[in-house]
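Enquirer: Shown below is the structure under consideration.
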Amino acid sequence: MSGRMGAAVGTVWRHRLFWPVLILVVLLLSNLIFTPSFFSVEMRNGHLYGSLIDIARFGAPLVLVALGMTLVIATGGIDLSVGAVVAISGALACLWISKQPDQNAVVGVLVAVGLALLLSLVLGVWNGFLVAAVGIQPIIATLILMVAGRGLAQLITDGQIITINSSPYKLIGGGYLFGLPFSILLALVMTLLAVLFTRRTALGMLIEAVGSNAEASRLSGIRSRRYTLLVYVFCALCAGIAGLMVSSNVSSADGNKAGLLIELDAILAVVIGGTLLTGGRFSLGGTVVGALIIQALSTTIYTIGVPPQTTLVFKAIVVTVVCLIQSPAFRAKFSRRGRPGRADPPARSVQQKVEVPA
Amino acid sequence: MAEPAILTMTGISKQFPGVKALDNVDFRLLPGEVHALLGENGAGKSTLIKVLTGVYSIDEGTIALEGAPVRFSGPSQAQQAGISTVFQEVNLCPNLSVAENIFIGREPRRFGAVRWQEVRRRAAELLHRLQLDLDVTARLSDYSIAVQQLVAIARAIDISPKVLILDEPTSSLDSSEVDELFRVMKQLRDEGTAILFVTHFLDQVYEISDRITVLRNGGLVGEFLTRDLPQLELVAKMIGKELEVLEELEEQPGREAAARAHAEPVLEASGLARTGAVAPFDLSVHRGEVVGLAGLLGSGRTELARLLFGADRADHGQIRIGGRPVALRGPGVAMANGVAFCSEDRRAEGLIEDLTVRENIVLALQASRGWTRPLSRRRQDELVEAYLRSLRITPANPELLVRDLSGGNQQKVLLARWLITNPRLLIVDEPTRGIDVGAKAEIQRLVVSLADDGMALLFISAELEEVLRLSHTIGVMRDRRMVATLANDDDVDTERVMRAIAEGAVA
Amino acid sequence: MTALTTLGDQVTRGAGRLRRYVPVLATLALFLLMFGIGSYRYEGFLHGQVFLNLLIDNGFLLVVAIGMTFVLLSGGIDLSVGAVVALSTMIGASLVEQQNWPPLLAILVVLTLGTVFGLGMGCIIHYFEIQPFIVTLAGMFLARGLCYTISIDSISITDPVFTRMAQARVRFAGLFVSPSVLIALVVLAVAFVVLHYSRLGRTVYAIGGNEQSALLMGLPVAKTKITVYAISGFCSALGGVLLTFYMLSGYGQHALGMELDAIAAVVIGGALLTGGSGYVLGTLLGVLVLGVIQTIISFEGTLSSWWTRIVIGILLFVFIVLQRVIGVRERSALSRLSTRSVTEKPAPPRQEVRT
């Protein structure tokens, strides 16, 4: 009986989501010290309110961006341009709406949303083309759009902060549906879609194969280029939706500030969620938890009364610790005692020329 | 045996997790000789060199340089002690100039500043000594690999080493380039340098070396004077005799060889070649036929197989599959035509170590279906279950990560990956290397039964017995060229194939 | 003379030597072209002072970009530079204004902290084999965050030494530059000498060319890699000090996105982002190109500032594709002469040897 319990606990402990979820729970619980009512969720005017809801609501754009980033990272790539895409998408949507005679017209808003997402897709194709077809390293290829994208966003807004007054558009980032914030529902739907797309088709496995061993994947007949292109397009689409959400929430588009540093938060969320930066196995669930951790961290710091900007210090600590734990070199240096000789054999990191049969 | 050795290695052992890479190996090197270190893949040549130069630490044994025991912590220390190494892949920096590549790390300086004129002058002098006329200010990458290799040697001899190690320096050179290299080697030998030369080209061994040490499976086979060791005997010593007896497979397939060779051809290659990889060859594989490829490491076996699968693009010749000409633009095309390829390098080119056994098995089939048509989980489980059972993969847990399996079981997983695609031609490259005897026998049995069921197979192995036992037809490779195609009838035996390998012609 | 020189080397070699300078020459031509266009279109553009103003307004960027040049040449990347610049302005301002430290001592402390910061990141990158990208990203978070632990708001500086440095002008031939420009030029000269004449500098190039080879050639890879990040940290701190002279304030929002400008300047200056190729003088040209874009846009009047970003992005794209094309050519030239084992992408430059 106790043995079976132990085994069960062992399985839970080893589950890839264990650590992220534990961190999230601890973080949320620690809020109780400062805000005893932290966990209370109440219904007001048919809308749910509460700190937990807020965390999910404000974390929704990050969840979206991080979803796309997860798939990109799983192929062994990275997308630095998501922040710029967030800004561009929001800018285009707001510009279109601001030009409408009636900003509350649903059709106008839908067209605006459609245009913004279409442009995001184009930007994703651009990134994917540079990486998959031209063969430029992902970090460099997406750097181009990262630099130019902010300029593009400001070009669209003509350097102004476009303020709009459109209740249909407001729904995306600030509205409610079925008592829940619409942004949470949207993030949820996109998460489910991403999971369905990767796990109900073979996409997830093929992406993991490419990210884990590109040459073996090629020799297994996987045409990796098309999957690489696909993930960059998906990533840009997610960023585009996040851009709509961010601009809708504040009813304005700021080409300069919208989505600033979100690429870094997204990468952080992916890493915390247990996906390795080197590619291969990915966990969308982990990413969502990771994004929520980052948002909860910001909220916690805010409620403690520390200046919110110092969140960055905590993020730095978290990212360092997570990376160290993931680093094989770090583990080797600190777990040598138990397994002597493990440090110097031609293990995973060695060139493939070493003539030792596996 | 009276000459004093400059370098002696005694009782060297080196253990890697799960593998004994070197087992009580002795080695010695005399001044003014070219000493060839030979052995098949996995014999331990590279490990021995890495142990000697301090890249790896040794578990047991001693190294003595000029009689004094030494132990190096890294290549730079070994270099300071007078042991210079030139590796197979040019280990220089392509972005630096020729002169700098020779001197970086020990440039002549004044007040800490590199004296470039002096660097260039000395580099030109040194190259001149080797009778090379290069522009020392040009970037290394502007020169061919052959020249780069010679620059690496120039770097190695600048410190006037007592011992010069050349680890397969010729593997990417053409014959005139090799001549140039040998001229330099002879010059250095005559100046008293002890040269340790690793190669897999037998002609070169006989052309340049004075003495030969043969390793096999991490153990020492022996040390021989080159002039006392006939080529055939050398090949036998390198390949060794497989002692495990596989009773069930005793009957030779030879009796049916003729019949199978007249079945309909699955794949016909004519004049297929890739510059620098394999010379033009003709080959056909028929239904139900096992074509074995024999040859030493580096003889072009793998290169040939890769062309047939489209893993590398051929630049000459053509391929017909099922009678129709096919342009093999990539593995996908080959797969669509029913060709499957199981690479020799399980870890780099076969397994996806992050994925489970199940995922690894269905990978190729899924890849050919595309991502939008996933195999249902039930179908996957059925297929995987069936192959786990029929290939006796243990542990029979499809959800285990493939990296946690033993070598033999990993190999079976790869075979399963291709078998579920139901190929017409299966190319298996060294499927039995580095796995235990039991798994080996099972894989051999599998090859026979697949052929009996009508599949065409191209079976590549460094072990002659294995090739002889399984193949209906044997292609012999030597120096990147197919030198013979033998029907495996009663006249063909190990010795005859070995002779073809050693001498390049059918006796 | 020998058989080898008849291998067709000479044909490719001459072209190869020129090709080495193509990116830098392209940048030079680009700069001259832009300056020419500016002079043609705008009155008062073709003036020595306009050129010197490029340096005055971008002196700190030049210093930061020089540090970045070291890192990129070694094949790494440093995303923390902008944040370290901001942190340096913050620490400097806080020490001088709030703690009343002597300015020189404060500057010294800032420079030391910046160097130590870079050193720390270098150690993590090297010893724990974590990608430089992610380590310096964490460094960026940390440095920005630390700014706000000092103060959320901008700290303005009234210290006489700083204000004098801000207002001082070194005059010659009717033109002038700020002391910061001279400091930046000194850094440039030192960097040039270090990169081209010291073992450290040459090892940086070697590591960028092929880290595995550098190790097997017995070069001090570990030491050099760590030093490179320390240099970048130092340059960022110095850039921060110069920025303090320029802005006369310390603020956590200073130098936002400067890492991108620095990387862009180095790449436009002809360095390969993959390491091993580039010149620090190219970086100067890169900074000048960025400067001249800004100047043209401000002279134009009707063009808005965001065009700067877009033009930088386009230039980045052009240069990266240019490098890619040159790289592919070089590799295909090689593959004609060699076999599969050489043309194949080399294994990632991971550690094979314990150090």
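The values are calculated or read from the model by the stated rules, or taken from the named source; none is laboratory data. Bear in mind that the values here come from a model prediction, so they are computed numbers and not experimental data. Cβ atoms come from the backbone with ideal geometry, glycine included; neighbour counts cover every protein chain shown. The area values use the complete protein model at the heavy-atom level, side chains included, leaving out ligands, DNA and RNA. Shrake-Rupley method; radii C 1.70, N 1.55, O 1.52, S 1.80 Å.
Enquirer: Need one number: buried accessible surface between chains A and B, 1.4 Å probe, both sides summed, DNA, RNA and ligands left out, in Å² to 100.
Expert: The summed interface area works out to 3600 Å².
Enquirer: Round to a whole number: what % of the accessible area of chain B belongs to carbon and sulfur, probe 1.4 Å?
Expert: 47 percent
Enquirer: If r is the Cβ-Cβ distance from C:L119 to C:S304 and R0 is 41 Å, what FRET efficiency results, to the nearest 0.05?
Expert: 0.50
Enquirer: Right, another one. Express in whole angstrom the spacing between the alpha-carbon centres of segment A:70-103 and segment B:35-82.
Expert: When both Cα centres are located, 58 Å separates them.
Enquirer: Considering only C-alpha atoms, what is the centroid distance from segment B:427-498 to segment C:300-319, in Å?
Expert: 64 Å
Enquirer: Heavy-atom accessible area per residue, segment B:255-503, 1.4 Å probe: how many Å²?
Expert: Averaged over the residues of segment B:255-503, the accessible area is 36 Å².
Enquirer: Short version: which residues of segment B:328-353 lose at least 30 Å² of accessible area, all chains versus chain alone, 1.4 Å probe?
Expert: By number: B:P331, B:G332, B:R347, B:A348, B:E349, B:I352.
Enquirer: Related question: Could you name the lysines in cross-link range of A:K170, using Cα to Cα under 29 Å and dropping any fewer than eight places away on the same chain?
Expert: A:K99, A:K257
Enquirer: Next question. Round to a whole angstrom and tell me the spacing of the C-alpha centers of segment A:278-339 and segment C:98-112.
Expert: 34 Å
Enquirer: Lys and Arg at +1, Asp and Glu at -1: add these up for the other residues within a Cβ distance under 15 Å of A:D254 and post the number.
Expert: Overall, the nearby charge balance is +2.
Enquirer: Additional query: Taking R0 as 22 Å, what's the FRET efficiency between B:S449 and B:T394 from their Cβ-Cβ distance, rounded to 0.05?
Expert: The formula returns an efficiency of 0.65 here.
Enquirer: Follow-up question, since we're still on this one. For segment A:78-104, list residues with backbone N below 11 Å from a point placed 7 Å from the Cα of C:I314 toward its Cβ?
Expert: none
Enquirer: Let me ask something else about it. For A:148-154, what's the mean count of beta carbons from other chains sitting within 10 Å of each residue's beta carbon?
Expert: Mean partner-chain Cβ count within 10 Å for A:148-154: 6.
Enquirer: Of the beta bridges DSSP finds with both residues in chain B, what % are antiparallel, to the nearest 5?
Expert: Bridges in chain B that DSSP calls antiparallel: roughly 55 percent.
Enquirer: Could you do me a favour and compute the accessible area per residue for chain C, 1.4 Å probe, result in Å²?
Expert: Here the per-residue accessible area is 39 Å².
Enquirer: What per residue convex hull volume, in Å³, do the alpha-carbon atoms of segment B:371-470 yield?
Expert: 115 Å³
Enquirer: Considering only B:S406, A:F18, C:F299, whose Cα is most displaced toward the positive end of the charge dipole of the protein assembly as shown, charges sitting on Cβ of Lys, Arg (+1) and Asp, Glu (-1)?
Expert: Sorting the options by dipole projection puts first C:F299.
Enquirer: For chain A, set up a GNM with springs between Cα atoms under 10 Å and report which of A:G305, A:G128, A:G173 has the largest fluctuation.
Expert: So, out of A:G305, A:G128, A:G173, the one fluctuating most is A:G305.
Enquirer: For chain C, what does the equivalent ellipsoid look like in terms of its semi-axes, each the square root of 5 times an eigenvalue of the Cα gyration tensor, given largest first in whole Å?
Expert: Those come to 36, 27, 17 Å.
Enquirer: If I compute solvent accessible area with a 1.4 Å probe over the protein chains, what percent of it on segment C:180-285 is carbon and sulfur?
Expert: The value for segment C:180-285 is 70 percent carbon and sulfur by accessible area.
Enquirer: Over the residues of the protein assembly as shown, compute the C-alpha Rg and express it relative to 2.2 N^0.38 Å.
Expert: 1.00
Enquirer: If you restrict to DSSP beta bridges whose two residues both lie in segment B:255-503, what percentage is antiparallel, to the nearest 5?
Expert: Bridges in segment B:255-503 are about 55 percent antiparallel.
Enquirer: Something else about it: Which order do the peptides C:60-66, C:229-235 take when ranked by the mean count of other beta-carbon atoms within 10 Å per residue, highest first?
Expert: My ranking of the peptides, most packed first, is C:60-66, C:229-235.
Enquirer: Viscosity 0.692 mPa s, temperature 37 °C: give me the Stokes-Einstein translational D for segment A:23-90 in µm²/s, with Rh taken as the Kirkwood radius over C-alpha pairs.
Expert: Rounded, D is 224 µm²/s.
Enquirer: What percent does the relative contact order of chain B come to when contacts are Cα pairs within less than 8 Å and at least six residues apart?
Expert: This gives 15 percent for chain B.
Enquirer: Leaving out ligands and nucleic acids, and using a 1.4 Å probe, what accessible area per residue does chain A come to in Å²?
Expert: About 42 Å² of surface per residue is accessible.
Enquirer: Taking chain C as a Gaussian network, where each spring joins two C-alpha atoms under 10 Å apart, which residue of C:G209, C:G282, C:G122 fluctuates the most?
Expert: Among C:G209, C:G282, C:G122, the largest GNM mean-square fluctuation belongs to C:G209.
Enquirer: Longer than 24 Å from Cα to Cα, which of B:K14/C:K223; B:K162/B:K237; B:K20/B:K237; B:K14/B:K412 are they? Say none if no pair is.
Expert: B:K14/C:K223; B:K162/B:K237; B:K14/B:K412, as the Cα separations exceed 24 Å there.
Enquirer: Now for a separate question. Rounded to whole Hz and in sequence order, give me ³J(HN,Hα) for segment A:31-38 from the Karplus expression 6.51 cos²θ - 1.76 cosθ + 1.60, θ = phi - 60°, writing x for Gly and Pro.
Expert: 5, 4, 4, 8, 10, x, 8, 4
Enquirer: While we're looking at this one, here's another question. Checking buried surface per residue: for segment A:213-228, which residues lose a minimum of 30 Å² accessible area in the protein assembly relative to the chain alone (1.4 Å probe)?
Expert: Residues shielded by partner chains are A:N213, A:E215, A:A216, A:R218, A:L219, A:S220, A:G221, A:R223, A:Y227.
Enquirer: Also: Would you work out which of C:M121, C:I157, C:V109 lies farthest towards the positive end of the dipole of segment C:4-343, given +1 charges on the beta-carbon of Lys and Arg and -1 on that of Asp and Glu, about the Cα centre?
Expert: Sorting the options by dipole projection puts first C:M121.
Enquirer: Is the shape of chain A best called rounded, prolate or oblate, per the rule: a/c under 1.5 gives rounded, else a/b larger than b/c gives prolate, else oblate, with a ≥ b ≥ c the square roots of the Cα gyration tensor eigenvalues?
Expert: oblate
Enquirer: Fully extended, how many nm does the chain gain between A:I53 and A:I161 (0.36 nm per residue separation, minus their Cα-Cα distance)?
Expert: Between A:I53 and A:I161, full extension yields 36.1 nm more.
Enquirer: For segment B:450-485, list residues with backbone N below 15 Å from a point placed 7 Å from the Cα of B:D493 toward its Cβ?
Expert: B:465, B:468-469
Enquirer: If the only charges are +1 at each Lys and Arg Cβ and -1 at each Asp and Glu Cβ, what is the size of the charge dipole of the protein assembly as shown around the Cα centre, to the nearest 20 debye?
Expert: I would put it at about 2780 debye.
Enquirer: Compute the longest continuous run of chain A that contains no exposed chymotrypsin sites (Phe, Trp or Tyr not before Pro); treat a site as exposed when its DSSP state is not H, G, I, E or B and it has at most 14 other Cβ atoms within 10 Å.
Expert: Value returned for the longest uninterrupted segment is A:179-358.
Enquirer: Same structure, new question: Quote the total accessible area buried by chains C and A together, excluding ligands, DNA and RNA, probe 1.4 Å, nearest 100 Å².
Expert: 4100 Å²
Enquirer: Quick check: net charge around B:G112, other residues with Cβ under 13 Å of its Cβ, Lys/Arg +1 and Asp/Glu -1?
Expert: Charge balance in the 13 Å sphere: +4.
Enquirer: Quick one: if you stick a label point 7 Å off each Cα along the C-beta vector at A:R16 and B:D133, how many nm between them?
Expert: 6.2 nm
Enquirer: How many partner chain Cβ atoms sit within 10 Å of a residue's Cβ in peptide C:146-155, on average, as a whole number?
Expert: Mean shielding by partner chains, rounded to a whole number: 3.
Enquirer: Cα to Cα, under 15 Å, and not fewer than 8 places away if on the same chain: which aspartates and glutamates meet these conditions relative to C:K225?
Expert: Reachable aspartates and glutamates: C:D78, C:E129, C:E211.
Enquirer: Hey, for a label at B:D203 modelled as a point 7 Å past Cα toward Cβ, could you say which residues of segment B:473-507 have their backbone N under 13 Å away?
Expert: Label zone hits: B:478-483, B:502-505.
Enquirer: Extending each Cα 7 Å along its Cβ direction at B:T62 and C:L108, get the distance between those two points in nm, one decimal.
Expert: Placing both labels 7 Å along Cα→Cβ, they lie 5.6 nm apart.
Enquirer: Anyone know which of A:I262, A:I55, A:I301 comes out most mobile in the 10 Å Cα GNM of chain A?
Expert: Residue with maximal mean-square fluctuation among A:I262, A:I55, A:I301: A:I301.
Enquirer: Estimate for me the total accessible surface buried between chains C and B (protein heavy atoms, probe 1.4 Å, no ligands or nucleic acids), in Å² to the nearest 100.
Expert: In total, this chain pair buries about 4200 Å².
Enquirer: Any residues in segment C:279-315 that have 50 Å² or more less accessible area with all protein chains than in their chain alone, probe 1.4 Å, and which are they?
Expert: In segment C:279-315, residues shielded by partner chains: C:W306, C:R309, C:I310.
Enquirer: Would you work out what percent of the accessible area of chain A, with all protein chains in place, is carbon or sulfur (probe 1.4 Å)?
Expert: 68 percent
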